[in-house]
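Student: Take a look at this one; I'll ask things after.
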Amino acid sequence: MALQEYLGAIVMEIDGREVEVESLDVSLKTGRKLVKTMNRTGRAKGFAKGTEEISLRLTVSIPKTGEPAWKDIQGAKITVYPIAATGNRTSYLDCFTMDVGAKYVVDGEAKRDLTMMALREVAE
């Protein structure tokens with residue numbers, strides 16, 4: 001059985017400054033909606049197109065000094081980099097913050113949970 005290679009680091013860029021991301025969850029809503037009609041079959045006949053939404057949930061470590069103003073982030077770029085020189089990157093552009101939370105654990109470092117929205121997803 002051959003070895004498999006997987007994607008690597010996740011880097012968030014805010015005004016040219018890199019921020020290490022511990023975890024990233026991406027959710028894409030297509031915006032499609034079910035269209036219900038009155039017919040003999042009693043079933044829906046199709047769908048209507050809508051606006052696509054890209055939602056991001058991030059966990060970042062809180063630095064001792066120089067923590068960004070998370071609630072004020074607008075226009076950030078989040079990129080998923082492959083560790084190896086080969087492979088494609090995926091970037092989420094024009095990201096802005098919706099929610100900011102804090103998480104403290106007895107045996108771990110302090111973390112921030114961020115909910116962000118992205119306007120575009122680009123495979124580079």
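Values quoted throughout were computed directly from the atomic coordinates according to the rules given, and no laboratory measurement underlies them. Just so it is clear, the structure is predicted and the values come from calculations on it, not from any experiment. Cβ coordinates were reconstructed from backbone atoms using ideal geometry, including for glycine residues, and neighbour counts include every protein chain displayed.
Student: Dividing the Cα radius of gyration by the Kirkwood radius, what Rg/Rh value follows for the chain?
Tutor: Ratio of gyration radius to Kirkwood radius: 1.12.
Student: While we're here: What's the whole-number percent of alpha carbon pairs in the range 63-124 lying beyond 14 angstrom?
Tutor: Tail fraction, whole percent: 66.
Student: A follow-up question, please. Which loop-located GluC sites (Glu not before Pro) does the range 30-113 contain, where loop means any DSSP state but H, G, I, E or B and the Cβ has at most 12 other Cβ atoms within 10 Å?
Tutor: Here the sparse-neighbourhood loop sites are Glu109.
Student: Mind counting lysine pairs for me in the chain? Cα separation below 22 Å, and the two need to be 8 or more apart along the chain or on different chains.
Tutor: Close lysine pairs found across the chain: 13.
Student: Say a site is exposed when it is one of the trypsin sites (Lys or Arg not before Pro), sits in a DSSP loop, and has at most 14 other Cβ atoms within 10 Å; what is then the longest site-free stretch of the chain?
Tutor: Result for the longest clean stretch: 90-124.
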